[in-house]
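Okay, so here's the structure we're looking at.
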Amino acid sequence: MLRRSLFLPFLFHFLLLFRYADPAPNCTRDSSLVDSESQFEMVQHQLRGSLKITDDCSFRVSQFDMLPGSDVHWWGAQGTGFDNLTKGFIVSNDGLNGTYKNSTLDVHLLSNVTWSMIDVLTVWDRTAASDFGHVVLRGDAPAKPPPTVFDNCKALSKNFRLRWSLNVSEDSLEIGLEAAIGITDYMAFGWADPSAEDSDLMIGGDVAVAGFKEDGAPFVDDFFITKYSECVKNDDEVAHGVCPDSVYEGHEGVGLVNSSMLVYGHRSDGVSFVRYRWHLTKVSGNYDRPVNHTANMKVIWALGPIKPPDTINPYYLPQNHGAVNYGHLVLNVSEHVNDCIGPLDAEDKEDQGVIIADGNNPLVVSSAPAMHYPNPPNPAKVLYINKKEAPVLRVERGVPVKFSIQAGHDVALYITSDPLGGNATTRNQTETIYAGGPEAHGVQASPTELVWTPDRSTPDNIYYHSLYDQKMGWRVEVVDGGLSDMYNNSVILDDQQVTFFWSLSKDSISIAARGEKKSGYLAIGFGSGMVNSYVYVGWVDDTGIGQVNTYWIDGKDALSLHRTRENLTHVRCKTENGIITLEFTRPLDPSCRREKRVECKNIIDPTSPLKVVWAMGSKWTNDHLTDRNMHSSTSNRPILVHLLRGSAEAEQDLLPVLAVHGFMMFVAWGILFPGGILAARYLKHLKGDGWYRIHVYLQYSGLIIVLLALLFAVAELRGFYVSSTHVKFGFTTILLACIQPVNAFLRPQKPANGEQAPFKRVIWEYFHAIVGRCAIVVGIAALFTGLKHLGDRYDVENVHGLSWALAIWFLIVALIVFYLEYHERQRIRRQILERSNWVLGNVEDDDSLDLLSPTRTTANKELLPSSRMEVQLEPLNR
């Protein structure tokens, strides 16, 4: 046990040493870059660090700071320009993931990469083609360290840092002010009056105020504080307050007296950085304090908003810093200090201008040279919207966005999912183009208009770019507008407590529901009530994440809720002041009918009214539902939502209406129409035209009842849609029934006695009989499908019994037909035998012989005269 306890610390120490040892002990050191040291030049993501080339195969980075990216790598390139960097290559398998704080990294080059291939080593985000920072190894390598590099760093507050480098030989102090503040805020730092009390250190302070102008350019100015107020002048033109030194010197000194000399400034990732030079002892005027670089001196600092110049005050004026954004401390600039751990991480990292689109005013798209592009590197020319360089474009779902494209014929605007643009489909097969394309180009004299309407399926972040060149545009923020803008239709459900929104597409439906009072969850169901319905429950869990679950409910207790696996997309749920809003998109037909899952039956037919109910409660959870999760309020009755018409109405009990419709159709297709056909088939042997009258009266009576039943159902249902199987069968059989009267009106002339029926008459009789019999068959199918439709819609329990009764009825009718057909064939056979001996000239037409009877051909051949006949001659009695 003792040996193990001694061995484990030794092993840990050995591995630790091995981590920082030369990763490739056999690597050569032939490159001229070996042992060279450089500082990374910050571009974005607050990247800082020192680079040392270890050997031909590796390098070490120390004091490395960086904010996280998405797909960040060590990258090699031939130069710092846009084209060189974008054509670069990965030099190491060691990725850069997450945030780095004063880290030390040993990085090994890929086996096929040498230092001779790398002129610029950069930290590169491949997803956004972004340069976070780089070191120039040869060629135009800078002689001085980058302006963001200092010898010392002191954290004045959580969001404010002081950096400095002392240069005694030049009697100067290089100072860098760095703060995570807004772009319209100032940073102030300076030396207090040595004789002032700690409670009143600001008075008499000599400070530098730094910030950024409206055009994005940095500035720094020397101020002197005489009073806790904004700089003003009294009647004697004497200035007091927080004023620039030049104001105290009079009008002639405005803009000329400034002991702080600006060196550099940038604004990146929501962090302001300004570097300036401050003289130690060579002070001018009465408002500058000398700095003893070896002494402990009191310094003061502050952050706050700044007032830009106007016609009265032609200079930037700091405003009140507030209760917490100021302070003081004792500082000796000759002592080495570095208590700045990691990069400053601003809450709001987006400084670029924001353009909010609306549906009325077009956005003017132009192109111009890049000045402050937000995602370097970038081409020389970028896109401007409403004269702002590559702004963030904020659009609302459901609100049309109009572009007036005037960027030139070589710049075609398009909206894309790819962060780089430039016809990204050639390298990114998953790119989605939402609007624009090769035709979306124009000039100021002849602009091209492009209209794009983002919908609820549009991602939250996409991009506008040129189709021909990469990284000319920037980001599009897609936010939720009003639900009424995002969805085509909306209705208020029962009791006016929930609003239901929807938009239909070819194969899917997008649905949203918003409660009108505070609740812990909101549920909407498709059915006559919560029991026996498909339910969608939306709530926000304890971590603040919105959830939407689907259930099948077949009872009134918690055990009756059965979780389903519906294919929901674009799912969202949020709460605002206790008001729940849920959204989702689902297919109209789940397309899983072969699987034995209950949700496979949850089919939405846009042509049929959708029954919608709702419920609210105090709390919901993913698992272990109990009776405590039951709703506290619910709808009293379902609302029928007409998806195609965009309207709704309280559900009316249409079961009696549909029952009368079905009974009328049964009378027509189950009694009258079959009776008319049977009369025409089996009553012709009776004398007179009785069979014909019965046939006509029954058929016309059936047709009138059919049309009345159809109008009755359409009027009550307020629509006629050919969608369900029942409606398709019904429409077909009614069409066939309506053809018959027209066919009867157009029938050819009946042949004279003894004449052969003409061809047209035969065709007509065939067509009339076939259409009539087909109508009966399709009508019977319509009756059965109608019963099934009634059962599916109203859950009628005795539908199966009615279906069996209907089947038995038609079975009885079929038996009657078989019986009559048998006797009819026997009658025709006897009649043929009785007429086998006949006298010439005694031939009469017999309507009892059906033209379509299988015995017709034989009978006619026996009854009609032939070319060879035997004539019996009787002797004459004289």
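The values are calculated or read from the model by the stated rules, or taken from the named source; none is laboratory data. Fair warning: this is a prediction, and the values are worked out from it, not measured in the lab. Reconstructed Cβ throughout: ideal geometry from the backbone, glycine too, with neighbour counts over all protein chains shown. Keep in mind that these areas ignore ligands, DNA and RNA; they rest on the heavy atoms of the full protein, side chains included. Shrake-Rupley method; radii C 1.70, N 1.55, O 1.52, S 1.80 Å.
Please tell me if residue 600 is assigned by the TED database to the domain that holds residue 498 and in contact with a Pro (Cβ under 6 Å, 6 or more places away or on another chain). Steps first, answer last, please.
Details: assigned by the TED database to the domain that holds residue 498: yes; in contact with a Pro (Cβ under 6 Å, 6 or more places away or on another chain): yes.
Yes: the conditions hold for residue 600.
Among the residues of segment 604-619, are any open to solvent by 40 Å² or more (accessible area, probe 1.4 Å), of a type outside the set (Asp, Glu) and within 27 Å of residue 724 (Cβ to Cβ)?
Among the residues of segment 604-619, not one is open to solvent by 40 Å² or more (accessible area, probe 1.4 Å), of a type outside the set (Asp, Glu) and within 27 Å of residue 724 (Cβ to Cβ), which makes the answer no.
Would you call residue 549 under 25 Å from the mean Cα position of the chain (by Cα), in the same structural domain as residue 618 (by the TED database) and within 30 Å of residue 393 (Cα to Cα)?
In short, no.
Pick out the one residue from 106, 56, 94, 119 that is in contact with a helix residue (DSSP H, G or I) (Cβ under 7 Å, 6 or more places away or on another chain) and more than 25 Å from residue 424 (Cα to Cα).
56
Of the residues that make up segment 466-484, is at least one within 30 Å of residue 615 (Cα to Cα) and in contact with a helix residue (DSSP H, G or I) (Cβ under 6 Å, 6 or more places away or on another chain)?
Checking segment 466-484: not a single residue is within 30 Å of residue 615 (Cα to Cα) and in contact with a helix residue (DSSP H, G or I) (Cβ under 6 Å, 6 or more places away or on another chain).
Sort out for me the strands (runs of 3 or more DSSP E) sitting completely within segment 342-461 that have 3 or more residues that are among the hydroxyl-bearing types (Ser, Thr, Tyr).
none
Conditions first: (1) open to solvent by less than 40 Å² (accessible area, probe 1.4 Å); (2) under 20 Å from the mean Cα position of the chain (by Cα); (3) closer than 30 Å to residue 615 by Cα. Residue 494 passes all but one, so which condition is the exception?
It fails just one condition, (2).
Looking at this structure, is residue 404 in contact with a Lys or Arg (Cβ under 8 Å, 6 or more places away or on another chain), over 22 Å from residue 124 (Cβ atoms) and surrounded by 15 or more Cβ atoms within 10 Å (Cβ to Cβ)?
no
Pick out the one residue from 545, 511, 524 that is touching an Asp or Glu at 6+ places or on another chain (Cβ under 9 Å) and of a type in the set (A, V, I, L, M).
511
Would you mind stating whether residue 330 is within 44 Å of the chain's Cα centre (by Cα) and loosely packed, with under 13 Cβ neighbours inside 10 Å?
Answer is no for this residue.
Could you please let me know if residue 607 is under 17 Å from residue 500 (Cβ atoms) and touching a residue at least 24 places away in the same chain (Cβ under 8 Å)?
So residue 607 fails the test.
Of all residues in segment 464-489, which are over 14 Å from the mean Cα position of the chain (by Cα), farther than 19 Å from residue 646 by Cβ and either of a type outside the set (S, T, N, Q) or open to solvent by 20 Å² or more (accessible area, probe 1.4 Å) (or both)?
Result: 464, 465, 467, 468, 469, 470, 471, 472, 473, 474, 475.
Quickly run through segment 673-710 and pick out the residues that are assigned to a loop (DSSP other than H, G, I, E, B) and either open to solvent by less than 40 Å² (accessible area, probe 1.4 Å) or basic (Lys, Arg) (or both). Please lay out each step first, then the result.
Initially, segment 673-710 is screened for residues assigned to a loop (DSSP other than H, G, I, E, B), giving 683-689.
Result: 684, 687.
Is it true that some residue in segment 411-424 is surrounded by 22 or more Cβ atoms within 10 Å (Cβ to Cβ), free of Cβ contacts under 8 Å to residues at least 40 places away in the same chain and at positive phi?
For segment 411-424, residues surrounded by 22 or more Cβ atoms within 10 Å (Cβ to Cβ), free of Cβ contacts under 8 Å to residues at least 40 places away in the same chain and at positive phi: absent.
Looking only at segment 269-294, which residues are among the aliphatic types (A, V, I, L, M) and either in a strand (DSSP E or B) or surrounded by fewer than 18 Cβ atoms within 10 Å (Cβ to Cβ) (or both)? Give the derivation first.
Of all residues in segment 269-294, those among the aliphatic types (A, V, I, L, M) come to 271, 274, 280, 283, 291.
Passing the criteria: 271, 274, 280, 283.
Can you tell me which residue in segment 791-831 is modelled with the lowest pLDDT, limited to those that are more than 18 Å from residue 681 (Cα to Cα), open to solvent by less than 40 Å² (accessible area, probe 1.4 Å) and of a type in the set (Val, Ile, Thr)?
796
For residue 138, are the conditions met, namely being surrounded by 15 or more Cβ atoms within 10 Å (Cβ to Cβ) and either assigned to a helix (DSSP H, G or I) or not hydrophobic (A, V, I, L, M, F, W, C) (or both)? Working first, answer last.
Numbers: surrounded by 15 or more Cβ atoms within 10 Å (Cβ to Cβ): no; either assigned to a helix (DSSP H, G or I) or not hydrophobic (A, V, I, L, M, F, W, C) (or both): yes.
No: the conditions fail for residue 138.
Per-residue answers, yes or no, for (1) farther than 30 Å from residue 512 by Cβ; (2) among the hydroxyl-bearing types (Ser, Thr, Tyr); (3) open to solvent by 60 Å² or more (accessible area, probe 1.4 Å); (4) in contact with a Pro (Cβ under 9 Å, 6 or more places away or on another chain):
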{"position": "361", "(1), (2), (3), (4)": "no, no, yes, no"}
{"position": "364", "(1), (2), (3), (4)": "yes, no, no, yes"}
{"position": "367", "(1), (2), (3), (4)": "yes, yes, no, no"}
{"position": "371", "(1), (2), (3), (4)": "yes, no, yes, no"}
{"position": "389", "(1), (2), (3), (4)": "yes, no, no, yes"}
{"position": "393", "(1), (2), (3), (4)": "no, no, no, no"}
{"position": "398", "(1), (2), (3), (4)": "no, no, no, yes"}
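Just to be sure I understand, how many residues within segment 757-790 are out of contact with any helix residue (DSSP H, G or I) (no Cβ under 9 Å at 6 or more places or on another chain) and either hydroxyl-bearing (Ser, Thr, Tyr) or open to solvent by less than 40 Å² (accessible area, probe 1.4 Å) (or both)? Can you show your working first?
So the first thing to find is which residues in segment 757-790 are out of contact with any helix residue (DSSP H, G or I) (no Cβ under 9 Å at 6 or more places or on another chain), and the list is 758-763, 765-766, 770.
Now restrict to residues that are either hydroxyl-bearing (Ser, Thr, Tyr) or open to solvent by less than 40 Å² (accessible area, probe 1.4 Å) (or both): 761, 765-766.
Qualifying residue count for the region: 3.
State whether one or more residues within segment 231-239 are assigned by the TED database to the domain that holds residue 299, surrounded by fewer than 15 Cβ atoms within 10 Å (Cβ to Cβ) and basic (Lys, Arg).
Yes: segment 231-239 contains one or more residues that are assigned by the TED database to the domain that holds residue 299, surrounded by fewer than 15 Cβ atoms within 10 Å (Cβ to Cβ) and basic (Lys, Arg).
Working only within segment 555-601, note down all residues that are touching a residue at least 60 places away in the same chain (Cβ under 8 Å), part of a loop (DSSP other than H, G, I, E, B) and of a type in the set (Gly, Ala, Ser).
Correct list: 578 only.
Among the listed residues 94, 55, which satisfies the condition of being surrounded by fewer than 20 Cβ atoms within 10 Å (Cβ to Cβ) and not β-branched (Val, Ile, Thr)?
Checking each option against the conditions leaves just 94.
What are the pairs, 6+ residues apart or on separate chains, where a residue within segment 49-78 that is basic (Lys, Arg) has its Cβ under 7 Å from a residue that is open to solvent by less than 10 Å² (accessible area, probe 1.4 Å)?
Correct list of pairs: 52/59.
Could we say that residue 211 is at pLDDT 90 or above, open to solvent by less than 10 Å² (accessible area, probe 1.4 Å) and either assigned by the TED database to the domain that holds residue 322 or among the acidic types (Asp, Glu) (or both) here?
Numbers: at pLDDT 90 or above: yes; open to solvent by less than 10 Å² (accessible area, probe 1.4 Å): yes; either assigned by the TED database to the domain that holds residue 322 or among the acidic types (Asp, Glu) (or both): yes.
It is true that residue 211 is at pLDDT 90 or above, open to solvent by less than 10 Å² (accessible area, probe 1.4 Å) and either assigned by the TED database to the domain that holds residue 322 or among the acidic types (Asp, Glu) (or both).
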